[in-house]
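Worksheet: the structure to be examined is printed underneath.
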Amino acid sequence: MIFTNLKDDLQNKILPENLQRCINYTKENFEKLLTDECGSYDIGSGIKMNILSYETGDGEGNISETHLKNVDVQITLSGGEGIAVNNNHNMKVDKIDEDKDLIIHSGEMMFNVVMKSGDVLILFPEDVHKSGSKREETGKVRKLVFKVPVESL
């Protein structure tokens, strides 16, 4: 897991090229992404970008997940949320859906990462994550989730 910000140029320039591509794409299109329609978009090099907008909550109904084939690059555009994380070796596997590139886990999450506008969380296949938790109070979050193929790193 890597936690960074769109403005952290020194840290971001050492990331693999396709992870930098997600950050640079967001920086170059930030204002447009605030109003683009939610959905899935192809940005090239096998990278898919999902624009999401939702209300945060207590996180009870949210799933703890990892992915086999993709690295998640989650970037908050507006609002904020908590993302609970742990290592997959500390969790139980409940379900594997290879077609959806999704592994659902159960177990106690280790800690929460608080995401605000401009924050970037890079989640590798070992990083169990559960998005959508409220920070102080519920609110709306708008974010990007890039799916970067592991083999492209």
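When ILE43, ILE96, ILE103 are screened for being among the aliphatic types (A, V, I, L, M) and within 24 Å of ASN5 (Cβ to Cβ), only ILE43 passes. Scanning the range 11-21 for any residue that is closer than 25 Å to VAL85 by Cα, at pLDDT below 95 and outside any loop (DSSP other than H, G, I, E, B) turns up at least one such residue.
Scanning the range 39-79 for residues that are open to solvent by less than 50 Å² (accessible area, probe 1.4 Å) and out of contact with any strand residue (DSSP E or B) (no Cβ under 8 Å at 6 or more places or on another chain) returns a single hit, GLY44. The single condition from (1) modelled with pLDDT under 90; (2) of a type outside the set (Gly, Ala, Ser); (3) buried (at least 16 other Cβ atoms within 10 Å of the Cβ) that THR138 fails is (3).
Within the range 29-38, being surrounded by fewer than 10 Cβ atoms within 10 Å (Cβ to Cβ) and either in contact with a helix residue (DSSP H, G or I) (Cβ under 8 Å, 6 or more places away or on another chain) or assigned to a helix (DSSP H, G or I) (or both) holds for GLU31, LYS32.
Residues in the range 42-69 that are farther than 19 Å from ILE122 by Cβ and either hydrophobic (A, V, I, L, M, F, W, C) or touching a residue at least 12 places away in the same chain (Cβ under 8 Å) (or both): SER53, TYR54, GLU55, THR56, GLY57, ASP58, GLY59, ASN62, ILE63.
With the requirement that a residue be open to solvent by 30 Å² or more (accessible area, probe 1.4 Å) and touching a residue at least 12 places away in the same chain (Cβ under 8 Å), what does the range 17-28 give you? Lay out the reasoning, then the answer.
Step one: filter the range 17-28 for residues open to solvent by 30 Å² or more (accessible area, probe 1.4 Å), giving 17, 20-21, 24-25, 27-28.
Those that are open to solvent by 30 Å² or more (accessible area, probe 1.4 Å) and touching a residue at least 12 places away in the same chain (Cβ under 8 Å): ARG21, TYR25, LYS27.
The set of residues from the range 73-115 being touching a Phe, Trp or Tyr at 6+ places or on another chain (Cβ under 7 Å) and charged (D, E, K, R) is empty.
Every condition in (1) closer than 17 Å to ASP101 by Cβ; (2) of a type outside the set (Phe, Trp, Tyr); (3) at pLDDT 95 or above holds for ASN90 except the one numbered (1). Restricting attention to the range 91-106, the residues that are open to solvent by less than 90 Å² (accessible area, probe 1.4 Å) and not in a loop (DSSP other than H, G, I, E, B) total 8.
The values are calculated or read from the model by the stated rules, or taken from the named source; none is laboratory data. Predicted, not measured: the structure shown is a model, and the values here were computed from it. Every residue, glycine as well, gets a Cβ built from its backbone with ideal geometry; the counts of neighbours run over all protein chains shown. Just so you know, the surface numbers come from the protein's heavy atoms only, side chains and all, with ligands and any DNA or RNA stripped out. Shrake-Rupley method; radii C 1.70, N 1.55, O 1.52, S 1.80 Å.
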